[in-house]
Amino acid sequence: MTADTCWRVNTRETAMRYFIWLLIAVGLLQAGALWAAPVAKAKAEEIICLRAADAIKIDGKFDEATWKNAKAMPMIIPVTGVVPISRASAKVAWDDRYLYVAFETADEDVWSTITQHDGKTCTEDAFEVFLSPLADKYGYANLEINALGTVMDAMPLSIVGGGDDSHRWLNWTCRCIKVGITIQGTLNNPADKDTGWKMEVAIPLTELLPISERLPRAGDLWSVLLAHYDHSVYLPGGVEASSIASLSVFSFHKSDEWRQMRFVKETK
């Protein structure tokens, strides 16, 4: 084999090696791009708000056929999507007068002391309701109710201009709201372990007219968030928050990430 032949052979081998390494490099870059690409979250299933099948007594017991027909929505920790220690869920229903919400949670330390209307009930055990009826107009109702049934109600009509603590929007009061609660344990006694608590809420639809502009009809779609705060001596960090929506940041007020709720005429 002459030197010229050796050179040609080595050149072909070198070229082949470069080609192989090039393929490997391109493959690694593609794999890296796939690895780094954000994974789009699956769109959350539309909530079906069934029409009430019977008269609902707001007592926190869930005895009615309406609640047996309604689908339970489990709550998750915002951002992470982790199932909370204090597992919570919610159901919804409606009729001509009210939007009904039924909440249920496991809780070893049921605690609430605030009794003043519009107090900071979210700093205690509480369930929360957020409702935005119109997609093309900003405005939503915010209800935060603790285990004593104390209501904080607000209706933000603008992203700005509400004051540092948004107290301007507390001028709205959801009149004639009904709240029923049952506690499986002892309220405000951290020395014993409770099992949990339930809450039923009946929200008068007429009270939402400032943001809904009319009463809902079958087929209407509202943006909704249902959430829960648990403050407990038995939780590792002392507090846990969860909701029915997978939020990208920890803010229950991020209305563009709430769930979509469809009013239907069917009762089951």
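The values are calculated or read from the model by the stated rules, or taken from the named source; none is laboratory data. Just so it is clear, the model here is predicted, and its values are computed rather than measured. Ideal geometry is used to build each Cβ from the backbone, glycine not excepted, and the neighbour counts take in all protein chains shown.
Being hydroxyl-bearing (Ser, Thr, Tyr), assigned by TED's automatic domain parsing to the domain that holds ILE244 and in a loop (DSSP other than H, G, I, E, B) is a description that does not apply to SER89. Scanning the range 151-189 for residues that are in a loop (DSSP other than H, G, I, E, B), of a type in the set (Asp, Glu) and within 23 Å of the chain's Cα centre (by Cα) turns up just one, ASP165. Checked against the criterion of being surrounded by fewer than 15 Cβ atoms within 10 Å (Cβ to Cβ), in contact with a Gly (Cβ under 6 Å, 6 or more places away or on another chain) and not in a strand (DSSP E or B), the range 233-253 contains not a single residue that satisfies it. Condition check for LEU131 on (1) within 30 Å of THR267 (Cβ to Cβ); (2) outside any strand (DSSP E or B); (3) in contact with a helix residue (DSSP H, G or I) (Cβ under 8 Å, 6 or more places away or on another chain): one failure, at (2). Restricting attention to the range 177-211 and to residues that are more than 21 Å from LYS91 (Cβ to Cβ) and either touching a Gly at 6+ places or on another chain (Cβ under 9 Å) or not assigned by TED's automatic domain parsing to the domain that holds SER243 (or both), the residue that is surrounded by the fewest Cβ atoms within 10 Å (Cβ to Cβ) turns out to be ASP192.
Considering PRO210, PRO216, the condition of being closer than 22 Å to MET152 by Cβ and at pLDDT 95 or above is satisfied by PRO210 alone.
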